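Quick notes on the structure that follows.
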Amino acid sequence: MYALDGERMLTAWERGREQREPWRALALLQVALPEWDIGALAALPLVERNALLLRLRAMTFGGRIEGFAVCPECGEQLQFVVNVADLERELRAPCEESWLEAETEMRMRPVNSSDLAASMAADGDAQARELLLERTLILPQPANIESPQPQHTQRSDWLARFERLNASAEIRCLLPCAACGARPVLDLDIAGFVWREVALAARRLLTEIHRLARAYGWSQQAIAAMSTPRRAAYLEMLDA
């Protein structure tokens with residue numbers, strides 16, 4: 001995996017800004033992992049995709065994440081600091097879950113990015129969850145075996161298995177609120193978080209390239225290839 005810096009940062013930003021989630025996160029990963037094609041990345045369980053995004057984030061911006069959230073109880077702004085290593089330890093790679101039902105083996109796999117993309121067309125959260133369940137539940141297909149009918153109790157059990165199987169892909173942070181005393185557990189959307197950091201860093205890099213190119217006549221490729229401290233040193237001299 002390559003860190004997103006220089007031309008890779010700009011390429012990742014260009015590709016990502018033309019996409020919607022979940023393809024935007026995969027665009028970043030494809031730049032960092034050029035040997036992977038988009039289909040292979042899209043087929044990864046979300047927990048594995050998130051683990052790759054955390055690794056990419058640490059390589060590109062460092063292992064300490066700082067951000068802000070809003071307390072759902074009082075609206076106070078909450079600042080949080082977490083270590084990527086701690087988040088990585090929370091992620092557990094899931095496997096398919098299998099069980100017997102009406103003497104028939106049933107299987108369910110974790111949600112992947114292709115499933116998320118398909119669910120974007122759903123009308124509301126409930127329909128999206130049903131669509132994801134339909135895509136990830138692997139029903140028996142032999143002609144001499146009838147697939148179990150989705151009775152109410154059966155569907156409830158399937159949903160419970162679905163939630164349990166995919167819970168490991170969620171990154172949650174406990175953020176105590178000093179203003180009201182609440183202790184909300186908030187979801188960290190690592191895909192959206194890393195994208196916002198990449199977008200800000202790419203625009204900052206473009207600004208630096210613009211200034212240095214105007215001052216010295218250097219090409220974009222030459223400036224982007226410089227280390228961050230070297231570009232900063234030239235910018236300090238221009239400011240002086």
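For the reader, a short list of remarks on this structure follows.
- Within the range 179-189, considering residues that are without any contact (Cβ under 8 Å) to a residue 60 or more places away in the chain and not in a loop (DSSP other than H, G, I, E, B), the one farthest from Glu88 (Cα to Cα): Val185
- Filter result (in contact with a helix residue (DSSP H, G or I) (Cβ under 8 Å, 6 or more places away or on another chain) and surrounded by fewer than 19 Cβ atoms within 10 Å (Cβ to Cβ)) within the range 19-36: Gln19, Glu21, Leu33, Trp36
- Once the range 13-42 is narrowed to residues that are in a helix (DSSP H, G or I) and among the basic types (Lys, Arg), the residue that is nearest to Leu200 (Cα to Cα) is Arg17.
- Pick from the range 212-227, criterion farther than 9 Å from Gly6 by Cα and either among the aromatic types (Phe, Trp, Tyr) or assigned to a helix (DSSP H, G or I) (or both), ranking: nearest to the chain's Cα centre (by Cα): Gln220
- Selection within the range 94-110: residues that are part of a loop (DSSP other than H, G, I, E, B) and in contact with a strand residue (DSSP E or B) (Cβ under 7 Å, 6 or more places away or on another chain). The member of this set that is modelled with the lowest pLDDT is Pro94.
- The set of residues in the range 45-56 that are closer than 16 Å to Glu97 by Cα and of a type in the set (A, V, I, L, M, F, W, C) comprises Leu46, Val47.
- Taking the range 190-216 as the range and being within 22 Å of Val47 (Cβ to Cβ) and free of Cβ contacts under 8 Å to residues at least 12 places away in the same chain as the test, only Arg196 passes.
- Boolean, Leu100 is loosely packed, with under 14 Cβ neighbours inside 10 Å and under 23 Å from Glu130 (Cα atoms): yes
- Residue count for the range 1-26 satisfying the condition of being polar (S, T, N, Q) and outside the structural domain of Leu56 (by TED's automatic domain parsing): 0.
- Residue check: Ser98 meets all listed conditions (1) more than 16 Å from the chain's Cα centre (by Cα); (2) farther than 19 Å from Ala167 by Cα; (3) of a type in the set (Gly, Ala, Ser) but one, namely (2).
- Glu66 being assigned by TED's automatic domain parsing to the domain that holds Ala191, touching a Phe, Trp or Tyr at 6+ places or on another chain (Cβ under 8 Å) and of a type in the set (Asp, Glu): yes
- Residue satisfying condition, being surrounded by 12 or more Cβ atoms within 10 Å (Cβ to Cβ), at pLDDT 85 or above and closer than 24 Å to Leu174 by Cβ, within set Ala117, Ala42, Ala51: Ala51
- Number of residues in the range 184-224 that are among the hydrophobic types (A, V, I, L, M, F, W, C), surrounded by fewer than 18 Cβ atoms within 10 Å (Cβ to Cβ), closer than 15 Å to Ala12 by Cα and out of contact with any strand residue (DSSP E or B) (no Cβ under 8 Å at 6 or more places or on another chain): the value is 3.
- The lone exception for Glu103 - which of (1) in the same structural domain as Glu197 (by TED's automatic domain parsing); (2) farther than 30 Å from Ala222 by Cβ it fails: (1)
- Filtered by the rule that a residue be outside any helix (DSSP H, G or I) and either touching a residue at least 24 places away in the same chain (Cβ under 8 Å) or of a type in the set (Lys, Arg) (or both), the range 111-131 gives Val111, Asn112, Met120.
The values are calculated or read from the model by the stated rules, or taken from the named source; none is laboratory data. As the structure is a computational prediction, the values presented were derived from the model and not from experiment. Note that we place each Cβ from the backbone using ideal geometry, even for glycine, and neighbour counts take in every protein chain shown.
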